[in-house]
Amino acid sequence: MKPYGVRERIESDPVSPGRNDQTAQSILSAAVASIGSVGISRTTMEHVANLAGIGVATVYRRFNRKDNLVQQAIRYEAEELLKAIEQQITGLPTVEEALTEGFVAFLREAHRRPLIRGIGDGNVVVGLPMIAQGGGMLIEIGRTFAANVIEGFQEKGDLPAFDAKPIAEIFARIGHSVLLAPDGLISFDDPYTAGRVVRECLMPAIAAQTAAAEEAS
């Protein structure tokens, strides 16, 4: 099956060269811990350097501005989350199972990660700046991930060819909305309801696209 695109995005990401070296990863891990703990506004380059056990000059050499570091830390943590999900859904035999388990795993993994969970926790210091700086990025990463899941089943011949991106966009935006408002009907700790979102909202859209594609062929 086609890989879900997480590792490939990290390795080829043009906006963050050198992000895979050990020093950069240590800085990003420290930034993730700092933002998740005290929020964006109270995270400083000096604090990140102390957490990473390196000099602040090294942090500035890798990430020359705080806003650049914050952007990359959000991206790094989102991609780490998606890698964890990929491990849990690899090998599932149907697109419904892969997307359902992927969505449930997303909610579960997001809840375990303070930086991601902070997007929707109601803390203005953590939440609002993070939405502005990382919301679009999280949607883009989630859309790419879900589209690659669908396209993997298309390449296997289990689904006909159609544009997977609009359905993947719905997948990503529903997940993002749960982060923004976690106290609604879809919650981090309710896998059954989360699974229904895929079965009752996304799968009918996939079925409609499948029927249209087969009728056109």
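The values are calculated or read from the model by the stated rules, or taken from the named source; none is laboratory data. None of the values given here were measured: they were computed from a predicted structure. Counting neighbours? That spans all protein chains shown, and the Cβs are built from the backbone with ideal geometry, glycine included.
Please return the ranges of helices (runs of 4 or more DSSP H) entirely within the range 130-217 where 2 or more residues are out of contact with any His (no Cβ under 6 Å at 6 or more places or on another chain) and either of a type in the set (D, E, K, R) or at pLDDT 90 or above (or both).
Numbers: elements: 165-180, 191-197, 203-216.
Where helices (runs of 4 or more DSSP H) fall fully within the range 130-217 and carry at least 2 residues being out of contact with any His (no Cβ under 6 Å at 6 or more places or on another chain) and either of a type in the set (D, E, K, R) or at pLDDT 90 or above (or both), they are 165-180, 203-216.
For the subset of the range 25-48 comprising residues that are farther than 15 Å from Glu80 by Cα, surrounded by fewer than 18 Cβ atoms within 10 Å (Cβ to Cβ) and not hydrophobic (A, V, I, L, M, F, W, C), which member is modelled with the lowest pLDDT?
Selected residue: Ser41.
Give me the pairs, please: first residue somewhere in the range 165-191 and free of Cβ contacts under 8 Å to residues at least 40 places away in the same chain and farther than 15 Å from Ile116 by Cβ, second residue anywhere and surrounded by 14 or more Cβ atoms within 10 Å (Cβ to Cβ) and aromatic (Phe, Trp, Tyr), beta-carbon distance under 6 Å, and either six or more positions apart or on two chains.
Cβ pairs passing all conditions: none.
For the range 38-96, name all the residues that are among the polar types (S, T, N, Q) and over 15 Å from the mean Cα position of the chain (by Cα). It would help to see each step written out before you state the result.
So the first thing to find is which residues in the range 38-96 are among the polar types (S, T, N, Q), and the list is 41, 43-44, 50, 58, 64, 68, 71-72, 87-88, 90, 94.
Once the filter is applied, which keeps residues that are among the polar types (S, T, N, Q) and over 15 Å from the mean Cα position of the chain (by Cα), the range 38-96 yields Ser41, Thr43, Thr44, Asn50, Thr58, Asn64, Asn68, Thr90, Thr94.
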